[in-house]
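Okay, structure first, notes after.
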Amino acid sequence: MGILISLLLISLAIESATSSQLPTTQSFPRIPLTQKKTPSLAHLGRRSGTTTQTITIDSGFWFGNFSIGGAPNLNLLIDTGSGDIILNPGLYVPSKASKNLSLPFENSYGTTSSNGTGTGGVTGTLYSDVVTYGGLSATHVIGSASGTAALIPSDGIIGFSKQEAQFPIQYPNLTNTAPFIDTLCDQNVVSECRFGLALTGSGSGTLILGELDSSLYTGDLSVAPIIQQWALTGDLALEGKVIAKDILIELDSGTATVIGPIDAVTSLFNATGIQGVLQSTPDGPLLTGYFPCDKPPTVGFGFPSASDAAAAANNSTSSVSKKGSIFNIPTNQWAAANNGNNNCTAVLSGANVPNITGLWVVGQAFFQGLYIDHNLANGTVGFAPLKNGGNATSTSGSTGSPTSTTSAKPTQPTSGTSKSMSSGGLFWSFAILGALVVWV
């Protein structure tokens with residue numbers, strides 16, 4: 001989870017829009033060192049080759065109910081920023097179809113601590129077994145973690161990003177190591193090669209496999225092309241007006257917050273009256289914002305980007321939307337931590353990613369109130385407001401002057417409530433050309 005983006009892939013994609021196939025590099029997901037289990041989830045299966053299941057949020061992350069091998073009702077963290085399936089120690093129960101591949105795995109992770117630093121890893125053994133979600137099953141490679149300590153929240157993690165899967169890098173000739181959704185597509189289990197996330201702000205949501213469920217959202221999808229799973233360009237908006245076009249965005253359901261380049265976030269903080277504090281950490285500078293809890297700003301992202309929409313307008317066969325729409329971070333998601341005395345820590349923070357200037361990492365705080373369709377077949381992502389989802393939407397506008405609000409004096413959190421920051425702050429890991437770069 002966290003940002004699981006292949007830096008070399010994105011860099012090459014930006015430099016050469018004509019490149020038809022990008023190389024793959026190893027990348028390292030982020031896992032917070034907390035464990036909290038969610039209850040079993042309702043199964044709401046639909047027509048053959050599709051399933052719509054309830055998922056729930058816990059400690060800032062979303063969990064779904066899966067069966068793996070002989071172990072039913074496993075609560076796995078749903079992560080569009082990684083690609084592997086890993087179960088915590090002692091939870092894998094082999095079925096009759098199980099095959100011990102006798103192959104060790106070692107996945108590297110960044111972890112969260114009080115200041116968002118630290119590293120960790122998961123080792124174990126690879127097995128081949130049946131993975132089932134809402135009646136859809138596929139034979140898949142899974143990792144059974146060794147040891148006694150659980151590094152992954154709840155029962156384990158399931159990744160949905162092909163570029164970020166580490167098992168295929170460690171064992172290139174091994175089959176069924178792609179993300180579960182890709183394996184469902186390859187084995188012709190799903191009706192359509194796509195999945196959707198519909199996350200509400202009330203602690204419940206839906207994961208849809210194999211179809212576009214138009215009953216869950218209003219209006220039409222705003223469809224944008226991806227660079228890779230799940231990175232794309234979009235526009236940055238303040239108070240409903242576009243202030244920066246064609247920014248690079250990584251959509252990551254395994255990140256609870258939103259992270260942007262320090263300069264861009266500084267400008268946003270200044271424009272909205274958020275008090276920014278730039279801290280020097282062992283892994284690099286981190287900009288944290290503090291604001292009056294009763295005055296959250298209005299910041300959003302526009303999809304498709306201005307350039308993508310213009311290109312689609314000149315291509316009658318394109319599935320990309322001809323006009324962009326702005327989707328705001330819900331106001332009730334702006335407080336990553338409540339520090340008391342009407343002082344909140346902003347869900348948006350600033351950090352610069354080495355070798356990839358201008359990257360924004362947009363986590364599930366933005367997802368809430370939206371239906372986000374991930375179409376693997378078309379290479380697109382679609383956005384639409386959920387019915388009664390509460391995420392404001394407007395048509396993209398021209399650049400305008402931002403509106404300021406009252407600033408808040410930063411204070412250190414004490415006994416206030418928080419989201420994922422209470423157990424770790426912001427942390428993610430990147431890899432480029434085989435080197436691990438840890439950044440906060």
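Restricting attention to segment 191-236, the residues that are over 20 Å from Ala377 (Cβ atoms) and of a type in the set (Asp, Glu) total 1.
Taken over segment 312-370, residues that are more than 25 Å from Gly203 (Cα to Cα) and touching a Lys or Arg at 6+ places or on another chain (Cβ under 6 Å) amount to 2. Quick check on my filter: what residues within segment 310-360 are β-branched (Val, Ile, Thr), in contact with a Pro (Cβ under 6 Å, 6 or more places away or on another chain) and either assigned to a loop (DSSP other than H, G, I, E, B) or without any contact (Cβ under 8 Å) to a residue 12 or more places away in the chain (or both)? Scanning segment 310-360 gives a single hit, Val320. Counting just the residues of segment 240-254 that are within 13 Å of the chain's Cα centre (by Cα) and in a strand (DSSP E or B), which one comes out nearest to Gly156 (Cα to Cα)? Restricting to residues being within 13 Å of the chain's Cα centre (by Cα) and in a strand (DSSP E or B), the top hit is Leu251. Each residue in segment 72-102 was checked for being within 13 Å of Val131 (Cβ to Cβ), surrounded by fewer than 22 Cβ atoms within 10 Å (Cβ to Cβ) and within 26 Å of the chain's Cα centre (by Cα), and 1 pass. Tallying residues that are buried (at least 22 other Cβ atoms within 10 Å of the Cβ) and either farther than 28 Å from Gly159 by Cβ or of a type outside the set (A, V, I, L, M) (or both) within segment 255-275 yields 7. Of all residues in segment 113-136, those that are modelled with pLDDT under 95 have Cβ atoms under 6 Å from Cβ atoms of residues that are aromatic (Phe, Trp, Tyr) and not in a strand (DSSP E or B), 6 or more apart or on another chain, in Gly116/Phe427. Applying the condition of being within 16 Å of the chain's Cα centre (by Cα) and among the hydroxyl-bearing types (Ser, Thr, Tyr) to segment 36-71 and asking which residue is modelled with the highest pLDDT yields Thr56. So, Phe167, is that one in contact (Cβ under 8 Å) with a residue 40 or more places away in the chain, aromatic (Phe, Trp, Tyr), crowded, with 18+ Cβ neighbours inside 10 Å and out of contact with any His (no Cβ under 8 Å at 6 or more places or on another chain) or not? Yes. Got a sec? Which of Lys295, Lys245 is out of contact with any helix residue (DSSP H, G or I) (no Cβ under 8 Å at 6 or more places or on another chain) and over 19 Å from Ala351 (Cα atoms)? Of Lys295, Lys245, the one residue that is out of contact with any helix residue (DSSP H, G or I) (no Cβ under 8 Å at 6 or more places or on another chain) and over 19 Å from Ala351 (Cα atoms) is Lys295. Among the numbered conditions (1) surrounded by 15 or more Cβ atoms within 10 Å (Cβ to Cβ); (2) at pLDDT 90 or above, the only one that Asn332 does not meet is (1). For segment 172-188, a residue qualifies if it is surrounded by fewer than 17 Cβ atoms within 10 Å (Cβ to Cβ) and out of contact with any Phe, Trp or Tyr (no Cβ under 8 Å at 6 or more places or on another chain), and the qualifying residues are Pro172, Asn173, Thr175, Asp186, Gln187, Asn188. In segment 242-254, the residue that is modelled with the lowest pLDDT out of those that are buried (at least 24 other Cβ atoms within 10 Å of the Cβ) and of a type outside the set (Val, Ile, Thr) is Gly254. I'd like to check something: does segment 227-239 contain any residue that is among the small types (Gly, Ala, Ser) and assigned to a loop (DSSP other than H, G, I, E, B)? No, segment 227-239 has no match at all.
The values are calculated or read from the model by the stated rules, or taken from the named source; none is laboratory data. In this text the structure is predicted, and so the values were computed from the model without any measurement. Every residue, glycine among them, receives a Cβ derived from its backbone with ideal geometry; neighbour counts consider all protein chains shown.
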